[in-house]
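Worksheet: one structure, shown below.
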Amino acid sequence: MGIPLPKTNADTQPYWDAAAEGRLIYQHCLTCNKSQFYPRSLCATCHGGALEWRESQGQGTVATFTEVLRAPTAAFKELAPYVIALIDLDEGFRMMVNIVEGDMERLAIGARTRTVFREVDGITLPQGALA
Ligand SMILES: [Zn+2]
């Protein structure tokens with residue numbers, strides 16, 4: 001049994017298409033100038049619909065993290081232990097990723113990360129690597 005994978009919809013399809021090409025994109029609101037993630041049809045800040053897709057350089061900073069020692073469900077058992085982190089990307093949005101690469105000794109709040117892409121069961125997932 002594989003891990004549960006994200007479902008795509010019309011709002012998120014461009015994001016998954018970009019990820020499949022090894023690109024990280026996010027939405028930027030032209031009305032209030034905020035960036036947001038995950039993708040939605042309206043701006044989470046001003047509720048406007050003037051959203052533009054922009055490409056992220058994939059560089060960010062660890063805002064917080066947790067190490068999962070015991071998998072929450074059987075599907076995640078083979079992966080444990082693994083690290084889940086909230087990353088503040090330099091373009092002003094926050095993503096939850098697994099840290100899948102890099103020197104784990106350097107894992108800390110404020111550590112720099114870059115984005116790497118991992119294919120799982122046909123879906124490319126943006127993930128984090130310690131820079
Ligand atoms: Zn807005």
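Results, tabulated for the structure shown:
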| item | result |
| --- | --- |
| Residue among L42, L5 that is modelled with pLDDT of 95 or more, among the hydrophobic types (A, V, I, L, M, F, W, C) and on the phi < 0 side of the Ramachandran plot | L42 |
| Check on D103, touching a strand residue (DSSP E or B) at 6+ places or on another chain (Cβ under 8 Å) and not β-branched (V, I, T) | yes |
| Residue list for region 76-120, filter: touching a residue at least 60 places away in the same chain (Cβ under 8 Å) and assigned to a strand (DSSP E or B) | L89, T115, F117, V120 |
| Count - residues of region 15-60 that are of a type in the set (A, V, I, L, M, F, W, C) and free of Cβ contacts under 8 Å to residues at least 12 places away in the same chain | 2 |
| Of all residues making up region 40-51, the number that are touching a Lys or Arg at 6+ places or on another chain (Cβ under 7 Å) and away from the ligand (no atom under 11 Å from the Cβ) | 0 |
| Residue, nearest to the ligand (Cβ to nearest atom), within region 61-70, restricted to residues that are assigned to a strand (DSSP E or B) and free of Cβ contacts under 8 Å to residues at least 40 places away in the same chain | T66 |
| Those residues of region 109-119 which are of a type in the set (A, V, I, L, M, F, W, C) and more than 19 Å from I25 (Cα to Cα), in sequence order | I109, A111 |
| Residue ID - nearest to the ligand (Cβ to nearest atom), chosen from residues in region 1-39 that are more than 13 Å from G122 (Cα to Cα) and basic (K, R) | K34 |
| Test set (1) surrounded by 12 or more Cβ atoms within 10 Å (Cβ to Cβ); (2) more than 16 Å from the ligand (Cβ to nearest atom); (3) part of a strand (DSSP E or B) - R54 fails condition number | (2) |
| Residue match in region 75-88 (condition: closer than 20 Å to L130 by Cα and within 15 Å of the ligand (Cβ to nearest atom)) | no |
| Failed item in (1) surrounded by fewer than 13 Cβ atoms within 10 Å (Cβ to Cβ); (2) free of Cβ contacts under 8 Å to residues at least 24 places away in the same chain; (3) touching a helix residue (DSSP H, G or I) at 6+ places or on another chain (Cβ under 9 Å), with P4 passing the rest | (2) |
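The values are calculated or read from the model by the stated rules, or taken from the named source; none is laboratory data. Since the model is a prediction, treat every value here as computed from it, not as a measurement. As a convention, Cβ positions derive from the backbone with ideal geometry for all residues, glycine included, and neighbour counts pool all protein chains shown.
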